[in-house]
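These notes are about the structure you will find just below.
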Amino acid sequence: MISIPKGTKDVLPADSYKWQYVENAAREVAALYGLKELRTPTFEHTELFSRGVGDTTDIVTKEMYTFRDKGDRSITLKPEGTAGAARAYIENGLAGGAQPVKMYYITPAFRYERPQAGRLREFHQFGVEVFGAKGADADAEVIALADALLKKLGLHVKLHVNSIGCPKCRAEYNRALKEYFAPRLGELCADCRSRYEKNPLRLLDCKEEGCRKINRDAPVILDYLCPECKAHFEALKGYLDLAGIEYSVDPRIVRGLDYYTRTVFEFVSDDIGAQGTVCGGGRYDGLIEEIGGAPTPAVGFAAGLERLLIVMEASGAPLPPPKGPKVYLAGLDGECRKKAFVLAQELRAAGISAETDHMERSVKAQFKYADKIGAEYVAVIGGNELAAGEMNVKRMADSTSEKVPFAKAAEYFSAK
Ligand code: HAM
């Protein structure tokens with residue numbers, strides 16, 4: 001037997017309704033906020049991510065699925081959706097149209113991580129990106145959209161916000177970080193020693209226990225914000241208050257991607273263990289320019305669909321049950337089964353979901369099957385019914401039944 005690759009998962013027919021429920025909820029909320037869907041390729045040129053996501057991040061240094069294609073180009077399966085969205089914005093001239101450009105996507109993403117509950121090598125994101133708006137009101141609206149989706153799904157997760165400033169205030173903060181870490185370099189992991197040289201902010205993102213301990217007392221960025229970044233952060237908090245969205249300021253959030261400027265945020269669940277961050281995002285005013293476009297402010301987030309589903313399950317959030325067919329047509333034998341086949345076609349043509357037997361089962365076994373798949377009605381066609389030109393329709397919820405002429409079948413079920 002050939003097995004599924006490590007860190008990937010099948011979504012089976014019996015479970016896909018859960019995914020559809022979450023995806024539909026995401027699409028509905030996105031539409032309420034005026035967002036249109038963007039679809040970008042599953043793979044991009046590697047350089048897009050090394051420049052966009054940042055070549056000192058774990059994602060780029062350790063986790064990308066990168067290969068050479070037959071034309072000897074370096075190709076990478078997308079580890080996230082933002083860089084591709086930014087490339088599409090530039091390449092398709094969207095900057096020339098009405099601003100801001102507001103989009104969402106539902107996409108697979110690939111990271112070579114150590115798999116565990118809530119952490120996969122192929123996972124799925126619902127992401128939102130808003131290009132062209134620089135005010136904190138845009139940040140707040142993006143956060144409000146995420147909040148609306150999480151509430152729609154019945155989740156009670158906590159919002160943590162922070163500002164990591166702009167390149168101007170970051171330079172001073174990096175100096176402070178280097179000063180703090182310099183005497184402790186020997187205690188840091190090898191990765192962190194290289195982060196110290198290349199991008200000290202990444203030190204705060206290390207997952208090694210020893211480094212995390214040292215990180216706890218490191219200087220916090222909020223003390224180093226320039227007046228403009230400080231004002232932006234204050235404005236964001238003001239808008240969140242206006243929207244009635246609860247949050248806490250967590251100066252330790254730096255996020256695992258390099259493109260962020262100013263606002264960063266995460267929605268975290270207490271209902272599951274280590275992988276409790278269901279949604280993360282922030283502002284990234286430098287990314288578009290970094291990958292070749294004109295300077296363009298931008299803000300967005302992505303939520304992991306697998307994590308949303310895990311948290312929904314763990315917290316007992318309501319999930320509407322899967323829907324069975326409206327009607328199951330059970331034919332007794334030969335001609336009755338043919339009539340069931342034809343009626344099923346007629347009902348489908350009228351927009352009514354219908355199923356019939358393909359397994360040569362007895363009527364009793366067909367009833368059992370219909371119950372299992374959640375059919376709302378079972379219509380039995382035996383010899384007597386066939387002769388009378390009608391079927392015996394049973395409503396499964398309360399076992400009431402009535403005779404319905406074949407000619408009236410579509411009309412009858414349409415009204416139900
Ligand atoms: P991220 O925090 O790397 O941000 O990922 C966003 C979400 O994707 C996480 O909160 C988590 O729910 C899910 N996720 C990440 N890695 C995995 C994994 N290995 N297995 C399962 N789920 C995972 C981004 O990707 C940014 N592009 C978000 C963004 C959009 N920022 C601005 N715009």
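The values are calculated or read from the model by the stated rules, or taken from the named source; none is laboratory data. This is a predicted model, so every value here is computed, not measured. Cβ sites come from the backbone with ideal geometry, for glycine too, and all protein chains shown count toward neighbours. These area figures cover heavy atoms from the full protein model, side chains too; ligands, DNA and RNA do not enter into them. Shrake-Rupley method; radii C 1.70, N 1.55, O 1.52, S 1.80 Å.
Can you confirm whether TYR328 is at pLDDT 95 or above, surrounded by fewer than 20 Cβ atoms within 10 Å (Cβ to Cβ), among the aromatic types (Phe, Trp, Tyr) and under 39 Å from the mean Cα position of the chain (by Cα)?
Numbers: at pLDDT 95 or above: yes; surrounded by fewer than 20 Cβ atoms within 10 Å (Cβ to Cβ): no; among the aromatic types (Phe, Trp, Tyr): yes; under 39 Å from the mean Cα position of the chain (by Cα): yes.
The answer is no for TYR328.
Can you pull out the helices (runs of 4 or more DSSP H) entirely within segment 185-248 that have at least 3 residues that are within 22 Å of PHE267 (Cβ to Cβ) and either open to solvent by less than 30 Å² (accessible area, probe 1.4 Å) or touching a residue at least 40 places away in the same chain (Cβ under 8 Å) (or both)? Talk me through it step by step, then tell me what you get.
On the way: elements: 190-198, 209-215, 227-242.
Hits in segment 185-248: 227-242.
Quick one: in segment 116-150, of everything that is open to solvent by 30 Å² or more (accessible area, probe 1.4 Å) and basic (Lys, Arg), which residue is farthest from the ligand (Cβ to nearest atom)?
The extreme case among them is LYS134.
As an exercise: evaluate ARG111 against (1) in contact (Cβ under 8 Å) with a residue 60 or more places away in the chain; (2) within 11 Å of the ligand (Cβ to nearest atom) and give the number of the one condition it does not meet.
Unmet for ARG111, out of (1) in contact (Cβ under 8 Å) with a residue 60 or more places away in the chain; (2) within 11 Å of the ligand (Cβ to nearest atom): (1).
Cβ-Cβ distance below 7 Å, separation of 6 or more or different chains: which pairs start in segment 269-284 with a residue that is part of a loop (DSSP other than H, G, I, E, B) and end on one that is among the acidic types (Asp, Glu) and open to solvent by 10 Å² or more (accessible area, probe 1.4 Å)?
Here the result reads GLY276/ASP270, each pair linking segment 269-284 to a residue that is among the acidic types (Asp, Glu) and open to solvent by 10 Å² or more (accessible area, probe 1.4 Å).
Within the set of pairs 6 or more residues apart or between chains, which connect a residue that is under 16 Å from GLU129 (Cβ atoms) inside segment 61-89 to a residue that is open to solvent by 70 Å² or more (accessible area, probe 1.4 Å) and away from the ligand (no atom under 12 Å from the Cβ) with Cβ atoms less than 7 Å apart?
Pairs found: LYS78/PHE43.
May I ask you to list the residues in segment 331-389 that are of a type in the set (Gly, Ala, Ser) and surrounded by 20 or more Cβ atoms within 10 Å (Cβ to Cβ)?
Step one: list which residues in segment 331-389 are of a type in the set (Gly, Ala, Ser), which gives 331, 334, 340, 344, 349-351, 353-354, 362, 365, 370, 374-375, 379, 382-383, 387-389.
Passing the criteria: GLY331, ALA340, ALA344, ALA354, ALA370, ALA375, ALA379.
Between a residue in segment 4-30 that is farther than 21 Å from GLU122 by Cβ and any residue that is small (Gly, Ala, Ser) and open to solvent by less than 80 Å² (accessible area, probe 1.4 Å), which pairs come within a Cβ distance under 6 Å, given they are 6 or more apart or on different chains?
VAL29/ALA148
May I ask you to say which residue of TYR89, TYR104 is part of a strand (DSSP E or B), in contact with a helix residue (DSSP H, G or I) (Cβ under 7 Å, 6 or more places away or on another chain) and surrounded by 19 or more Cβ atoms within 10 Å (Cβ to Cβ)? If you could, list the steps in order and put the result at the bottom.
Working: TYR89 fails: part of a strand (DSSP E or B).
It is TYR104.
Can you name the residue in segment 275-302 that is of a type in the set (Gly, Ala, Ser) and over 25 Å from LEU222 (Cβ atoms) and is also nearest to the ligand (Cβ to nearest atom) among such residues? Steps first, answer last, please.
Filtering segment 275-302 down to residues of a type in the set (Gly, Ala, Ser) leaves 276, 280-282, 286, 292-294, 298, 300, 302.
With the extra rule that they be over 25 Å from LEU222 (Cβ atoms), the set shrinks to 292-294.
Details: GLY292: 18, GLY293: 16, ALA294: 19 Å.
In this case the residue turns out to be GLY293.
Of the residues LEU308, LEU319, which is open to solvent by 50 Å² or more (accessible area, probe 1.4 Å) and either in contact with a Leu (Cβ under 8 Å, 6 or more places away or on another chain) or more than 12 Å from the ligand (Cβ to nearest atom) (or both)? Lay out the reasoning, then the answer.
Numbers: LEU308 fails: open to solvent by 50 Å² or more (accessible area, probe 1.4 Å).
Unique residue meeting the criteria: LEU319.
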